[in-house]
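A short write-up of the structure that comes next.
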Amino acid sequence: MGNVINRVFDSSGPEGKVRGTPQQIIDKYNQLARDAQLSGDRVAAENFQQHAEHYLRLLSAAMKEQETRREEQERQNRERQAERDRDRARRQERESNNGETAEGEQKSDVLETGGEADSGLVETPESQSAKDEPAPAPAPKPKRKPRSRAKLAADGGGDAGNGNGEAGGPPREAAE
């Protein structure tokens, strides 16, 4: 139904257009029906009442749908809250049980298998070599040859020296 309650309608009634929300249109047609009845026009009064009843039904259907949605959301919220409460109670129970175990004996998270018994894991060549001998250290990288000042300048490699035979950094003042 959408948002019928706040939607603006244009109603073409016997007295011309009536514009507004369903509640405003109902009020306007009821007022027109009262005016017609006071002037003695029973047919016009009945016609206005029928127009008002149409919008009243439209409004009540929208309100019922809105109430149904609200109740469904409340039910879902209650279920979520109940689930959170159950989880919290389980967590507190586990924590209290762990506290009791810690007082009596230390409970470890590691399962001890009793030495080198079959753990159910598959032996691989990598795991066997790791047991037999330590892994060799990686070979050191060969050192680079320093580049000459002329080659640095030709390559556009930035600072071709600082005048002291050293590349990079600010120039040092000569000792006097």
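Taking loop as defined by DSSP and a crowding limit of 11 other beta carbons within 10 Å, which GluC sites (Glu not before Pro) in the stretch 1-105 fit?
105
Taking 7 Å along the Cα-to-C-beta vector as the label spot, tell me the residue 66-residue 122 distance in nanometres, rounded to one decimal.
Roughly 6.5 nm, to one decimal.
Just grab the label-to-label distance for residue 9 and residue 34, each label 7 Å out from Cα along the Cβ direction, in nm (one decimal).
In this crude spin-label approximation the distance works out to 2.0 nm.
Values quoted throughout were computed directly from the atomic coordinates according to the rules given, and no laboratory measurement underlies them. Fair warning: this is a prediction, and the values are worked out from it, not measured in the lab. Note that each Cβ is placed from the backbone with ideal geometry, even for glycine, and that neighbours are counted across all protein chains shown.
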